[in-house]
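What follows is a short report on a single structure.
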Amino acid sequence: MSPASGGWESALREHGYRVTPQRQLVLEAVEVLRHGTPEEILAEVQRHASGVNLSTIYRTLEVLESVGLVTHAHIGHGAPTYHAVDEHPHIHLVCDACGDVTSVPAGVANPFVDALYLDYGFRTDIAHVSVHGRCRACLADGAGNNADTVRG
Ligand SMILES: [Zn+2]
Ligand SMILES: [Zn+2]
Ligand SMILES: [Zn+2]
C-alpha cells in the first residue's frame, strides 16, 4: 500500500481520516528512507514542504500507524524507527560495539517464536524488538567483551 498504489487513501478514509498532502508527504518519506526516526522523517519532509515541525510528524505517524500504513521498531535507545508496512518483516541486529544495524528476515526467529507460543501461549511481535550483541566484524577484531564465551 504505497502512495503509488493509491491504497493508502482508502486506508485513511476507511478509518475516518482525511487524505491530506501532509499525510502523503510523511508516508512517502517513510518509504524513501525505509528506516526513519521521526527526526529523519522530518528532514525528508522538509525537503518538499516547509512549515512542518516535529510534533506534526509525530501526530501524523500516529495516524498512519493506527490505520496500518506504517509500523515501528525500537532500534536505538531514543525514538522509534518507522517502516512502511509493505516492507518485508525483519529483525534488527544491533551491534553494541560499532552501532551497526543489520536486517535479517523475521523467519530466522521462527523456532524461538514457535517455542514461546507453544510453551507459554505468548504471541511474539518479533519485528517490534531488536536483538543486541556483537557483529561479526567486531568479534573478529576482538572488540566483543564476550568474544571468548561466544567462541566457546
Ligand atoms: Zn527495519
Ligand atoms: Zn513500540
Ligand atoms: Zn560491530
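We did not get these values from a lab; they are worked out from the coordinates using the rules stated. Model, not experiment: these values are computed from the prediction. For neighbour counting, all protein chains shown are included, and Cβ atoms are generated from backbone atoms with ideal geometry for every residue, glycine included.
Summary table below
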| quantity | calculated |
| --- | --- |
| Estimated FRET transfer efficiency (GLU62, ASP96; beta-carbon r; R0 41 Å; 0.05) | 0.90 |
| Cβ-Cβ FRET estimate between GLU9 and ARG34, R0 fixed at 22 Å, reported to 0.05 | 0.55 |
| Residue with peak Gaussian network fluctuation, the chain [Cα springs, cutoff 10 Å], from LEU64, LEU42, LEU54 | LEU54 |
| Among LEU12, LEU139, LEU27, residue whose mean-square fluctuation peaks in a GNM of the chain (springs only between Cα atoms under 10 Å) | LEU139 |
| Charge sum, other residues only, whose C-beta stays under 13 Å from VAL131's C-beta, Lys/Arg counted +1 and Asp/Glu -1 | -1 |
| Within the range 61-96: backbone nitrogen closer than 16 Å to the VAL108 label point (7 Å, Cα to C-beta) | 88-96 |
| Size-normalised alpha-carbon gyration radius of the chain, reference 2.2 N^0.38 Å | 1.23 |
| Projected-area mean, the range 7-84, by convex hull of Cα positions, square nanometres | 4.7 nm² |
| Mean residue ellipticity (222 nm) of the chain, computed from DSSP H runs ≥ 4 via -39,500 (n - 2.57), nearest 500 | -12000 deg cm²/dmol |
